[in-house]
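Since the structure comes first, as structure tokens, the remarks are kept for the end.
Only the coordinates and a few stated rules stand behind these numbers; no lab work does. All figures in this text were calculated on a predicted structure; none of them were measured in a lab. Cβ: placed from backbone, ideal geometry, glycine included. Neighbour counts: every protein chain shown.
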Amino acid sequence: MSSSLSVYLLDIAATRALIGSRDQQLLAVIRDKHGAELARDDDEFSFAIEEEGAPTAFEALTAVVNGGPFSDDPDHAFQYGYAYLRLCDVTGSFLNNNCFTPHRGNWLADVDTELSARGITTVATEDFFFGTPPDSLPQGAETPDSGEWTHEQCTKALAQYEAAQLIMDEGRQTADLEPGIDRAVEQCIGWIRHAAARPGYGIIGFHF
């Protein structure tokens, strides 16, 4: 079974502040501009919605923006996680992640090993695998994994990378790497550069 990442550049504090913001204008914009996507999500999870009483995509989004009410059933928590992803998708900038979508096995760990070899220890792609949405949202077994690279972490990671390049052997061989890892690492460094260049901005990633 393969997995995927969705990675966004955004102001993390501002994004978290959308939870419980009661921003009705934002809800209206999402409903009007992304109605087809919401309907597609409802179709994908139709059994959970129709047979198990889970909220629809827009109902979950409304609860997240309003700060509740949330379903008491932990099996419905996944909808609030996907609603948070929707907020990131609407308000942030989607970053190219084609080296990670799809991926299998220990791909993230292998990429992180190479990031570390290039001096980057402040962030890791597995942060997106082992994390969860903000604590203010319901958590459940099917809630999408998510994590953050803060602006401070990205700035430090970029400094680590640039310092390591000054001392690394220019003849370092990468032929022993699994095909694609070198390109995946460069993609991560690109994400880091984007975040480090914008004060207050970081990365929020979701793993499926």
Q: Might you check whether a residue that is in contact with a Phe, Trp or Tyr (Cβ under 6 Å, 6 or more places away or on another chain), farther than 25 Å from residue 160 by Cβ, touching a residue at least 12 places away in the same chain (Cβ under 8 Å) and not aromatic (Phe, Trp, Tyr) occurs anywhere in the stretch 107-123?
A: no
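Do you know which residues across the stretch 124-144 are among the small types (Gly, Ala, Ser) and over 20 Å from residue 189 (Cα atoms)?
Scanning the stretch 124-144 gives 131, 136, 140, 141.
For (1) surrounded by 13 or more Cβ atoms within 10 Å (Cβ to Cβ); (2) not polar (S, T, N, Q), each residue gets a yes or a no:
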position: 21; (1), (2): yes, no
position: 24; (1), (2): no, no
position: 35; (1), (2): no, yes
position: 38; (1), (2): yes, yes
position: 50; (1), (2): no, yes
position: 53; (1), (2): no, yes
position: 57; (1), (2): yes, yes
position: 75; (1), (2): yes, yes
position: 82; (1), (2): yes, yes
Q) Within the set of pairs 6+ apart or on separate chains, which have a first residue in the stretch 28-45 that is closer than 15 Å to residue 82 by Cα, a second that is hydroxyl-bearing (Ser, Thr, Tyr) and in a helix (DSSP H, G or I), and C-beta atoms under 8 Å apart? A) 41/82
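Need a quick list: helices (runs of 4 or more DSSP H) entirely within the stretch 84-174 having at least 1 residues that are farther than 27 Å from residue 11 by Cβ. Spell out the reasoning first.
Working: elements: 107-117, 127-130, 151-167.
Per the criteria, 107-117, 151-167.
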Q | Enumeration of residues in the stretch 22-58 that are among the polar types (S, T, N, Q) and touching a helix residue (DSSP H, G or I) at 6+ places or on another chain (Cβ under 6 Å) | A | 56
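Quick check on this structure: which one of 60, 157, 77 is in contact with a Pro (Cβ under 9 Å, 6 or more places away or on another chain) and of a type outside the set (Val, Ile, Thr)?
Details: 60 fails: in contact with a Pro (Cβ under 9 Å, 6 or more places away or on another chain); 157 fails: in contact with a Pro (Cβ under 9 Å, 6 or more places away or on another chain).
Only one candidate qualifies: 77.
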